[in-house]
Structures are given as structure tokens and as C-alpha cells.
Amino acid sequence: MSNEQLFERAQRVIPGGVNSPVRAFRAVGGTPRFIRRAEGAYLWDADERRYIDYVGSWGPMILGHGHPAVVEAVQRAAAQGLSFGAPTERETELAEEILALVPSCEQIRLVNSGTEAAMSALRLARGFTQRAKIVKFEGCYHGHADALLVKAGSGLATFGHPTSAGVPPEVVQHTLVLEYNNVPQVEEAFGLHGREIACVMLEPIAGNMNFVRGSVPFVKRLRELCTEHGALLAFDEVMTGFRVALGGAQSLYAELIPGFAPDMSVFGKVIGGGMPLAAFGASRQVMQQLAPLGPVYQAGTLSGNPVATACGLATLREIRKAGFFEALGTKTRRLVDGLIAAARGAGVPLSADSEGGMFGFFFAPDLPQNYGSVMASDKDRFNRFFHAMIDSGIYLAPALYEAGFVSAAHSDADIDATVEAARQALRA
Ligand SMILES: *Cc1c(COP(=O)(O)O)cnc(C)c1O
């Protein structure tokens, strides 16, 4: 069956034909590609067309598809049993591995998705501080827990409005949504509500509005305000963790802000290497509020699944090897520099940025600093570019507010072919 036929068939039995909305290509139009198989940097669709993949399952596939060490670990684990509902040594091994790379966390709990991890971190922050209010930022995505599906209210004294039907306003009444990188707004919010704020959650490099860095003064001020008011600073590193650097985005900020560390961290994507696995961690004092030790309840039938942990461990062992992130960062930078040069050659305003194996580009002359300016970039041009690229075998994220990912399997020749395709797309 072709992509078209598969999409039609899927739409009869699955809402929109997809199990996660962005896959439906609604933002860019057209038929989503049904993927049949993948290897290294490439995907093949139902029409047997090959694509260079810059989505990487939205982040996890940092080694590329089908890395032999990962496949072998998964196969071996599967043969030993798919799930036990009892503790395994591998869970401890993975926790040890993560904690060794993330010094801000003393303990970690494994869950199945980034949504679950962020939701659980939030409950833990509220339980630990015995406060209700939370601060998030417009354009940051922390999964689809009710309290986090919120858009900005009309002012700082008003709390958010649900962004989804099915979320009663009273469920989000404690969620304050502020503008990313806006220091005075955060100061004002703490001035008004400081004693009631349980936690501030953010994507330190926001990848759910393409690619927007938290500025150093912004992150530094968040750290100060949280400390001053007894709120927890939670870094959602589901996307950036083990992707922008081995120690996540927090390791980059720790280099720029002396003594910097978040209080809580949320991980997912790369730590599962393509299997359903995520985690949240903090100091021992905070984590010991969780059941069975403390009063904050959290649980999961498949949490710490033996096959998922094998996949995550094998992935982390590869990316820990010397020079991995230097090589990945250089390759990603080659792509971004190529895109900038191609756009300049075509006289098209384009800005782009990258860190480690994560990148973003905007049809706007300057890099946006918040959601408003991301959304002001040229959407029609993005959509035309997306279609020209996918038609020439380059698979980019099908929406302008998504980050892109390069894997270790991408060769310089893949990058150069991508830049050449971009050059032609931008000239058209
Ligand atoms: C992907 C993502 C999530 C949600 O993770 P899922 O596994 O899709 O539930 C949460 N936070 C961030 C920053 C993400 O990028």
C-alpha cells in the first residue's frame, strides 16, 4: 500500500490517522509518510522512497537507526523476558549511569514517557514544597498533563487558560504562564506570588518552539528567585538531555553561571534510545518524598522495563565515548552553517542555531527569543521549503515550531546533500 492508501486506511480507525498529532502533517499540509524501515541516517517510506532523517523520532535516535550495539542489547534483553513487574539490576545500572552524568541529581525514578516524567516531577515539587502554584513559559512543552496544557492569561495576576478541551479551568488555576526570556515578568510574578510558587519549569533550550536558548541572565535570575523564595527550579531536559551535551543543557549553564544547578531534572527521548523510557530526578531530600518512602504517590506497571532500560543503557554507553559530542556538534554546525549560506545566496532571510546534535532554523532575520517572535517567522515560506525538501528526500520536522536533530550516523556527504537540496529549494 502507498502512503496515500495507508493514510486513508489509518484515518478510518485512528483519529486523524496518527497516534500523536504532529505526525499528521496538519501544519504543512500533504500526506504523512508511512515509515516502513530505517537504518543509520535514513528512513524508507511505504513508497520505497529514501529520506535523510532530521527528526530522529523527535530526538531519541542520537546514534541513528539500528545501531548494532543497541539492537543487540535489545534483542538479548527481549529474549530474557519482556517485563517482570519486579526490580532488576539493569534499572539500578541505568540510574547510576544517568546520575554519574548529571551531578545535580542524587536519585532518579524511571517512567515511560516525558509526559509522565514532567507530570510526576510537578506533583513531587508540589508535595515537597507544600505549595500549589507553578510557573511555566509560553512555547515550552512539558507533555500533556492537564496542569501543563495552559496558555498565558491576560496579566500576571491572572492564571492561565487551558489550551485543550477537556481541561477544566480550575485544574489550571495554579499555573502561571510567562514569556520566555522575560526577566522583569518573572520578577514581578515572584513579587506577587513568591510564597505560593512550588516550582518553575522550563526547557533550558526550548525545542518545542523550534530552537530558542534560555538567555544566561534569564536562567541566572530564575535560579536566584527560586532560591530566594523556596521554589524548585525544574529543568525539563526531555529533549536537551544527552542531546545538546553529555551532561544536558544544565552542564552548559553550569559553565556560564558559577555554581549553577537546577533542583529537579526531567529526562526522556535519548535516555530510552528509541524505547519508551523517561525519568525525573532531584536531590535525595526531594526524591525521598516519593512513595514508598514519602507521601507523594507515583507508580507504573511498565516503569523501568527491562528491554527499554537495555536500549537506554546501550545508547548512553555509545554517546559517553570520547569525542562523541564534539563530532556530533561539528556535524550539526556544518548543517546550520550550510543552511545560512544557502539562504544568503538566495537572498532569503534565515537565522539558525545549534548545540550538540540539536538545531533550529527560522525564516526570520534574527534568532527569536520567545514564542511570539517564533510565530512571527515566515510560515508560508517554511511550508514551501518543507515540501521542496521532502520531495528531494530530506525529512525535516513537519512544523516550523519543531527543533531538528542530527545523529552520529549522518555523514558529511548526507549533510552536504541536504545543504544542496536547501540551496535549490530556496532559489525556487
Ligand atoms: C517530548 C517532550 C516531552 C514529552 O515527552 P513524551 O515522551 O512525548 O511524553 C516533554 N518535555 C519536552 C521538553 C519534550 O521535548
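Entry remark, the range 260-317: residues being touching a helix residue (DSSP H, G or I) at 6+ places or on another chain (Cβ under 8 Å), of a type in the set (S, T, N, Q) and within 14 Å of E91 (Cβ to Cβ) number 1 in total. Where helices (runs of 4 or more DSSP H) fall wholly inside the range 59-177, the ranges with 1 or more residues that are modelled with pLDDT of 95 or more and closer than 24 Å to A291 by Cβ are 89-101, 114-129.
Among the residues of the range 102-134, write down those that are crowded, with 24+ Cβ neighbours inside 10 Å, away from the ligand (no atom under 14 Å from the Cβ) and either over 18 Å from the mean Cα position of the chain (by Cα) or under 24 Å from V183 (Cα atoms) (or both). Result: C105, L124, A125, F128, I134.
Of the numbered criteria (1) buried (at least 22 other Cβ atoms within 10 Å of the Cβ); (2) under 22 Å from N370 (Cβ atoms); (3) more than 16 Å from the ligand (Cβ to nearest atom), the one F218 fails is (1). Within the range 48-68, is even one residue more than 30 Å from Y253 (Cα to Cα), touching a Phe, Trp or Tyr at 6+ places or on another chain (Cβ under 7 Å) and not aromatic (F, W, Y)? Scanning the range 48-68 turns up at least one residue that is more than 30 Å from Y253 (Cα to Cα), touching a Phe, Trp or Tyr at 6+ places or on another chain (Cβ under 7 Å) and not aromatic (F, W, Y).
Name every residue in the range 364-389 that is of a type in the set (A, V, I, L, M, F, W, C), surrounded by 16 or more Cβ atoms within 10 Å (Cβ to Cβ) and more than 26 Å from P60 (Cα to Cα), in order of residue number. The one that is of a type in the set (A, V, I, L, M, F, W, C), surrounded by 16 or more Cβ atoms within 10 Å (Cβ to Cβ) and more than 26 Å from P60 (Cα to Cα): A364. If the condition is being touching a strand residue (DSSP E or B) at 6+ places or on another chain (Cβ under 6 Å) and surrounded by fewer than 21 Cβ atoms within 10 Å (Cβ to Cβ), then the range 190-212 contributes H193, E196. Residues in the range 161-177 that are in contact (Cβ under 8 Å) with a residue 24 or more places away in the chain and away from the ligand (no atom under 16 Å from the Cβ) were compared, and the one that is surrounded by the most Cβ atoms within 10 Å (Cβ to Cβ) is L176.
Among the residues in the range 3-15, are any part of a strand (DSSP E or B), among the β-branched types (V, I, T) and open to solvent by 60 Å² or more (accessible area, probe 1.4 Å)? No; the residues of the range 3-15 include none that is part of a strand (DSSP E or B), among the β-branched types (V, I, T) and open to solvent by 60 Å² or more (accessible area, probe 1.4 Å).
Anything in the range 178-189 that is in a helix (DSSP H, G or I) and open to solvent by 30 Å² or more (accessible area, probe 1.4 Å)? List them, or say none. Give the derivation first.
Restricting attention to the range 178-189, the residues satisfying the condition of being in a helix (DSSP H, G or I) are 183-189.
Residues satisfying the conditions are V183, P184, Q185, E187, E188.
If you go through the range 241-287 and keep only what is within 22 Å of T330 (Cβ to Cβ), among the aliphatic types (A, V, I, L, M) and within 16 Å of the ligand (Cβ to nearest atom), you end up with V244, A245, A249, L252, V270. Criterion first (hydroxyl-bearing (S, T, Y) and under 21 Å from P204 (Cβ atoms)) does S351 satisfy it? Considered against the rule, which asks whether it is hydroxyl-bearing (S, T, Y) and under 21 Å from P204 (Cβ atoms), S351 comes out as yes. H142 meets all of the listed conditions (1) touching a residue at least 60 places away in the same chain (Cβ under 8 Å); (2) more than 24 Å from the chain's Cα centre (by Cα) but one, namely (2). Which of (1) surrounded by 15 or more Cβ atoms within 10 Å (Cβ to Cβ); (2) in a loop (DSSP other than H, G, I, E, B) does I415 not meet, given it meets every other one? For I415, the failing item is (2). Beta carbons closer than 8 Å, at least 6 apart along the sequence or on distinct chains, pair a first residue in the range 108-136 that is of a type in the set (D, E, K, R) with a second that is in a helix (DSSP H, G or I) and away from the ligand (no atom under 15 Å from the Cβ) for R109/M287; R131/R195; R131/E196; K133/H193; K133/E196.
The values are calculated or read from the model by the stated rules, or taken from the named source; none is laboratory data. Keep in mind it's a predicted model, so treat the numbers as computed, not measured. As a convention, Cβ positions derive from the backbone with ideal geometry for all residues, glycine included, and neighbour counts pool all protein chains shown. We work out accessible area using only protein heavy atoms, side chains counted, and drop any ligands, DNA or RNA first. Shrake-Rupley method; radii C 1.70, N 1.55, O 1.52, S 1.80 Å.
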